[in-house]
1. Using a 1.4 angstrom probe, figure out how much accessible area the stretch 86-156 has per residue, in square angstrom, rounded to the nearest whole.
2. Go through ARG247, ARG96 and list them by solvent-accessible area, largest first, probe radius 1.4 Å.
3. Which values of log₁₀ I(q)/I(0), to two decimal places, follow from the Debye formula for the stretch 86-156 at q = 0.13, 0.15, 0.19 Å⁻¹ with a uniform point scatterer at every Cα?
4. In whole percent, what relative contact order does the stretch 318-481 give with Cα contacts below 8 Å and a gap of six or more residues?
5. How much of the DSSP beta bridge set in the stretch 360-441 is antiparallel, as a percent to the nearest 5?
6. Only bridges with both residues in the stretch 174-252 count here: give the DSSP antiparallel percent, nearest 5.
7. Can you work out the FRET efficiency for the pair LYS634 and GLU553, with r the C-beta to C-beta distance and R0 = 41 Å, to the nearest 0.05?
8. How large is ³J(HN,Hα), in whole Hz, for each residue of the stretch 505-513 in order, when computed from phi with the Karplus curve 6.51 cos²θ - 1.76 cosθ + 1.60 and θ = phi - 60°, using x for Gly and Pro?
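The values are calculated or read from the model by the stated rules, or taken from the named source; none is laboratory data. Everything numeric in this text was worked out from a predicted model, so none of it was measured. Quick reminder, even Gly has a Cβ in these numbers, built from the backbone with ideal geometry, and neighbours come from all protein chains shown. Heavy atoms of the whole protein, side chains included, go into the accessibility calculation; ligands, DNA and RNA do not. Shrake-Rupley method; radii C 1.70, N 1.55, O 1.52, S 1.80 Å.
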Amino acid sequence: ACTGIENIDEAITLLEQNNWDLVAAINGVIPQENGILQSEYGVETLHGPAYGPTSHSAAASSAPSSSSAFRHVVPSRQIVERQPRMLDFRVEYRDRNVDVVLEDSSTVGDIKHILENELQIPASKMLLKGWKTGDVDDSTVLKSLHLPKNNSLYVLTPDLPPPSSSHSGALQESLNQNFMLIVTHREVQREYNLNFSGSSTIQEVKRNVYDLTSIPVRHQLWEGWPSSATDDSMTLAVSGLTFPCHRLTVGRRSSPVQTREQSEEQCTDVHMVSDSDGDDFEDATEFGVDDGEMFGVASSALRKSPMMPENAENEGDALLQFTAEFSSRYGDCHPVYFIGSLEAAFQEAFYGKARDRKLLAIYLHHDESVLTNVFCSQMLCAESIVSYLSQNFITWAWDMTKEANRARFLTMCTRHFGSVVAQTIRTQKTDQFPLFLIIMGKRSSNEVLNVIQGNTTVDELMMRLMAAMEIFGAQQQEDIKDEDEREARENVKREQDEAYRISLEADRAKREAQEREMAEQFRLEQIRKEQEEEREAIRLSLEQSLPPEPKEESTESVSKLRIRTPSGEFFERRFLASSKLQVVFDFVASKGYPWEEYKLLGTFPRRDVTQLDPNKSLLEVKLYPQETLFLEAKE
């Protein structure tokens, strides 16, 4: 209404650049000399005493037709259109900063011409970067970019050689360094050790501290920043921080606007502090609770002990105390709270088989909310709600009363659900608690299906739980189908793998049997060869040890023996009649028929010569003058 800005993205950008300070954002767009923020439009309740001593009565006298201190300001757009809007640009080039002020009817080329005179760089060599809408050309009119009042740009000159200065190298080295910031939260006396690169900005530090302390950037009151750190867009490397470690202190700034609003609210007749319509809890007696019990002694008596210890190291121990305190306040008929960390609750709810998965219900308690007692005693402990939750949900709880516990949950929420959900919970007012978050696990992320505030009824709570179950049921059926198909594929694959394994085992067993058989044949062959070699060696040895065969015309008595082999061959030899029978055995063995394997048989009479004494002479065993013998293999 004041600025005429209809583009919500542009409005949000302006608020972010002014740390969500509405007054600063409006003043940045509309200068005070335009007269838009003067008392004739009755906006002194927005700006406070800093913008003039105008009172509600003055506003009423100047605008008697208005029934409110803040009326619809139609003429303001006309005033804005009549007078040009001035834009401030801070342009950074290497180690220099140039401030440029132009009307929004100017072009990007006009900025370059001013910079050309300041930096002594041809405009054709400049690349002007940092526009929120991407790259623009020199003919672009600034008004068409919908820029805020204050802007930061930087110049690149890729066609020009970089300056050879030690300062530039030192700055680059500082940007690559890591700074340790020891930030003390004044209200809770707690220290945080934060690591930031030198290229991080002061604004990024403040936003990170916001995630840790839940103190919005616009309410942060800092001590310890160097005097040179005058702009939140400044990097840590050039802010003058002590390297490598620097101490800072942060606290919550008290807002005069907020104080006046609170004092006005105290003088106002408020029946119920809630963002809901007045009809939702206009008559609390329908829940069996009167006003005194809701706001008076009974409520305070129940809250003597905290639901959860502050700064609890173990989430499981904190949940045990929460469950015990909840039972002592509201009875034993209540949801079964999961005892363990939020990660463990995720595992229990989402990462089992598809048929066993459940929704996750996160109950966020707040003792300072006027709705807590009614919600817990009349809705959360209703038998129908308790039964439905126990069958279909894994219920996890957390106490948001203490600031440290609140900050810890918001950190967990950011990690698991993203900054959007965390910001949604962060912006909930105290009297909108308790909250009931319905979470559904998906393949790649966890989705928050519903955020149920404390200003509800049993029927509405049940309907929203059932609606969430319908969504979850449809998703679960798809997951079951996908899981069954996946298991079927895996079963087929396992069967194929098992058949392949059995085939490999059979092939391996067959191959090993063949190898064993070949090895056994090789071993037997080796034994046979060794035996044959041994026999041949023995045969040669015996053949060499035989006495020479006597001649036929020898004067000594000679015995002529004719020996038949098992194959039917005959071989003859002459022996001296005085030779021992052993010589005959050795002769037969030298022919390959050892007497251990063969018998030497006589004919008439039939007798086994090998049974005779080998030391007797041939004459003594009657193998003289001639004899025919037979070789026969022993059994």
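1. With the other protein chains kept in place, the stretch 86-156 gives 55 Å² per residue.
2. Details: ARG247 135, ARG96 100 Å².
Descending accessible area places them as ARG247, ARG96.
3. -0.30, -0.41, -0.68
4. Details: 237 pairs, mean separation 44.0, N = 164.
Worked out over the stretch 318-481, it gives 27 percent.
5. So the antiparallel bridges amount to about 45 percent of the total.
6. 70
7. Plugging the Cβ-Cβ distance into 1/(1 + (r/R0)^6) gives 0.60.
8. Each residue of the stretch 505-513 in turn: 4, 5, 4, 5, 5, 5, 5, 5, 5 Hz.
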